[in-house]
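A short write-up of the structure that comes next.
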C-alpha cells in the first residue's frame, strides 16, 4: 500500500476513481451472476445479515469463545438495531475495497484485486470495510507497512466517499447498519482466530460492552 505516501489531494483523487469503479460494478446487470452461482432471489438483506450474525454467535457460544454477559449484550444489541437493516438497495457489490487491493500507477488506478469478494448485497455494505480502515488503519496494510499507519491519513475517508458516491450513505440509521456489518465481520473473524484479544475488543466496542 502506498496510501501513507500520498498527499490528501492525491488520496481524494484515488477515492474519486474508486467510487467511479464501484458505481460501474453496482450498476452492472447481475442476472448472469445469480444464475451462475445459483443464488435465490429476491434476497431479504436484513434476514441475510441477521442470519450470518446468529450463525457466527451460535458457533462462538458453543466453543465458549465469548463470556456469557458479552453474548447477552450482543443479542440485545442486535435486537435493538435490527430494524435499521430493513431498507435495501441490492446490487453487485465488491466489498473488499481496501487500499492493498487497489493498484496505482502515476496517481491513477490501474487494477483492482480480489474480485471474488463480490456478492449480491445492499450497496452500503461497501462502507463496512471503509469504516474499518478509518477505525483500524493497520488492519489492511501489508505487514511491512503497518508501522507507518496513521489514523490521520484515513480520517477524511468517509467524507470523500460520501462526496463522490452519496447513494452509499442514503440509508436511515446508517451507523446502526454499519455496526451490525462490523459485528458480523468480527464474529466471523473470531471463529478463525479464537485467541485474538483484539477481535474481542472490536466486538465489545461495537456493542458498547466493557471488557474486564
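At 222 nm, what helix-only mean residue ellipticity would the chain give, in deg cm²/dmol to the nearest 500, using -39500 (n - 2.57) for each DSSP H run of four or more? Show your work: numbers first, answer last.
Details: 8 runs with 104 residues, N = 212.
Dividing the helical sum by the residues of the chain leaves -15500 deg cm²/dmol.
How big is D, in µm² s⁻¹, for the chain by Stokes-Einstein at 20 °C and 1.002 mPa s if Rh is the Kirkwood radius over C-alpha pairs?
Details: Rh = 18.3 Å.
Diffusion coefficient, whole number: 117 µm²/s.
Evaluate the relative contact order of the chain (contact order divided by residue number), counting alpha-carbon pairs under 8 angstrom at least 6 apart; express in whole percent. Could you put the intermediate results ahead of the total?
Numbers: 227 pairs, mean separation 58.9, N = 212.
Relative contact order comes out at 28 percent.
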Next on the checklist: Quick check: Cα centre of the stretch 1-39 to Cα centre of the stretch 54-114, how many Å?
Outcome noted: 17 Å
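The numbers here are math on the coordinates, done by the rules we state, and not lab data. A quick note: this is a predicted structure, and the numbers were derived from the prediction, not measured.
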